[in-house]
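Working notes, beginning with the structure itself.
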Amino acid sequence: MQTVHTRAALAAALDPWRRAGERIALVPTMGNLHAGHLALVRRARAEADRVVATIFVNPLQFDRPEDLAAYPRTLEADAAALAGAGVDLLFAPAEQEVYPRGRDGVTRVEVPGLGDELEGAHRPGHFIGVATVVCKLFAMTRPDVAVFGEKDFQQLLIIRTMNADLDLGVRVLSEPTVREPDGLAMSSRNGYLGPEDRARAPALHAALSVFGEALTRGERDFPALEQAARSQIEAAGLRPEYVSLRRRQDLDLPGPGDRELVILAAAWCGPARLIDNLP
Ligand code: PAF
């Protein structure tokens, strides 16, 4: 695996592959990789001739400076994991390379509506940061395919919407959430959990599973089910920010006839803010 840190080196590495007509898959990450990321790489490998991974802790998408400062930077271990998973090229740029004029004045990409609620409401500016950096990574790499995790379900829909609205022409694929044996969704932020919080954390997925089973049984009092899930999460010692049942295709509120649904939730567990969803 080749590792490059500049846009010029990225372009130079991609050029011969593109000229040879090889299909290129992109796996954007912020590093601190876990099995969920490696599942994205496996999917990318199956979909293209060349796999490019990126590691960039994007400051534009952090709503809290302390979260940005604390985010683990583990480039050496990440590079070894990506090489082992069959990545051909790793692009790990410095901030100056991605935002040469500075991040504050950079042209931004916004997906209004979809980007303003749920995660967007609790983390102002977050999705503008995500859409902007993913748009830039698409422009720098010009991949045929890009692969994202379904754990960040709202992010996935925002990237698909941006890709369609801006005619970027990338095939955006997704992979299911990878979980620990006790149900906790794998996340780069799980490392913030001490032993007691780690023991509590699977309660988020457990509450969503109970909610999902009730829907499968035909229960349709959505507000009552959302409230019951919140109470279950609180009873386990977590602090829920939202539990919300939405339509899967656009995250609109569901009507009684909607069948393709997703339950989305976010909760604080000690110092870690966990998100999860259940389609
Ligand atoms: O999901 C992530 O890790 C990030 O939001 C992404 C898509 C790499 C953009 O920085």
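The values are calculated or read from the model by the stated rules, or taken from the named source; none is laboratory data. Computed from a prediction, not measured in an experiment: that's the story for all the values here. Virtual Cβ from ideal backbone geometry, glycine too; neighbours counted across all protein chains shown.
Taken together, Ala39, Ala13 contain a single residue that is closer than 22 Å to Asp152 by Cα and small (Gly, Ala, Ser), which is Ala39. Residues in the range 133-159 that are under 23 Å from Gly113 (Cβ atoms) and away from the ligand (no atom under 12 Å from the Cβ): Leu157 alone.
Scanning the range 213-233 for residues that are touching a Phe, Trp or Tyr at 6+ places or on another chain (Cβ under 6 Å) and either surrounded by fewer than 18 Cβ atoms within 10 Å (Cβ to Cβ) or over 30 Å from Val51 (Cβ atoms) (or both) turns up at least one hit. Looking only at residues in the range 22-56 that are surrounded by fewer than 17 Cβ atoms within 10 Å (Cβ to Cβ) and either of a type in the set (A, V, I, L, M) or without any contact (Cβ under 8 Å) to a residue 24 or more places away in the chain (or both), which one is farthest from the ligand (Cβ to nearest atom)? The qualifying residue farthest from the ligand (Cβ to nearest atom) is Ala46.
Here is the figure for the range 174-200: residues that are closer than 21 Å to Phe153 by Cβ, among the basic types (Lys, Arg) and in contact with a Leu (Cβ under 9 Å, 6 or more places away or on another chain) total 1. On the stretch given as the range 118-127, residues that are touching a helix residue (DSSP H, G or I) at 6+ places or on another chain (Cβ under 8 Å) and within 12 Å of the ligand (Cβ to nearest atom) total 3. Residues that are more than 13 Å from the ligand (Cβ to nearest atom), buried (at least 20 other Cβ atoms within 10 Å of the Cβ) and more than 13 Å from the chain's Cα centre (by Cα): does the range 73-83 have at least one? Looking for residues that are more than 13 Å from the ligand (Cβ to nearest atom), buried (at least 20 other Cβ atoms within 10 Å of the Cβ) and more than 13 Å from the chain's Cα centre (by Cα), one finds at least one in the range 73-83, hence yes. Report whether or not Ser209 is at pLDDT below 95 and over 20 Å from Ile158 (Cα atoms). Considered against the rule, which asks whether it is at pLDDT below 95 and over 20 Å from Ile158 (Cα atoms), Ser209 comes out as no.
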